[in-house]
1. Within region 53-69, is there a residue that is open to solvent by 70 Å² or more (accessible area, probe 1.4 Å), within 10 Å of the chain's Cα centre (by Cα) and at pLDDT 85 or above?
2. Please find, within region 38-52, the residue that is nearest to V20 (Cα to Cα) out of those that are at pLDDT 90 or above and open to solvent by less than 60 Å² (accessible area, probe 1.4 Å).
3. Name every residue in region 23-37 that is farther than 15 Å from T56 by Cβ and open to solvent by 90 Å² or more (accessible area, probe 1.4 Å), in order of residue number.
4. For region 47-65, check the following and say yes or no: at least one residue is without any contact (Cβ under 8 Å) to a residue 60 or more places away in the chain, of a type in the set (S, T, Y) and touching a Leu at 6+ places or on another chain (Cβ under 9 Å).
5. Among all residue pairs at least 6 apart or on different chains, which show Cβ distances below 9 Å where the first residue, located in region 18-29, is farther than 10 Å from N77 by Cα and the second is open to solvent by less than 100 Å² (accessible area, probe 1.4 Å) and acidic (D, E)?
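The values are calculated or read from the model by the stated rules, or taken from the named source; none is laboratory data. This one's a predicted model, so the numbers in the text were calculated from it and none came from an experiment. Here the Cβ positions follow ideal geometry from the backbone for every residue, glycine too, while neighbour counts run over all protein chains shown. Quick note on the areas: whole protein, heavy atoms, side chains included, nothing else; ligands and nucleic acids left out. Shrake-Rupley method; radii C 1.70, N 1.55, O 1.52, S 1.80 Å.
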Amino acid sequence: MTYPKTDALRQKVIETIAEVHSESRWRWPPAYKLVCKRLTEKGIMTGYGRRFDPTTLYALLRRSGYSGIWEVTQELNGAKE
């Protein structure tokens with residue numbers, strides 16, 4: 001079962017992770033706090049209308065089938081099949 005609101009939120013979060021990762025000059029994934037800060041700056045809130053914190057972000061990614069930011073960045077780089 002899919003929920004359009006959750007799918008849209010998940011897509012915004014992954015796009016934000018991709019933005020932060022592309023702006024970074026380092027090869028490893030960005031920190032959770034940095035991604036949460038960027039989500040807050042963009043006005044993206046959780047499904048309950050709260051700001052993202054690292055634990056909430058990690059839980060959202062886990063429910064989406066990722067093991068964390070590292071796996072999202074690997075998928076964006078084309079390493080995951």
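1. yes
2. R38
3. E23, R25, W26, R27, W28
4. no
5. Here the result reads P29/E71, each pair linking region 18-29 to a residue that is open to solvent by less than 100 Å² (accessible area, probe 1.4 Å) and acidic (D, E).
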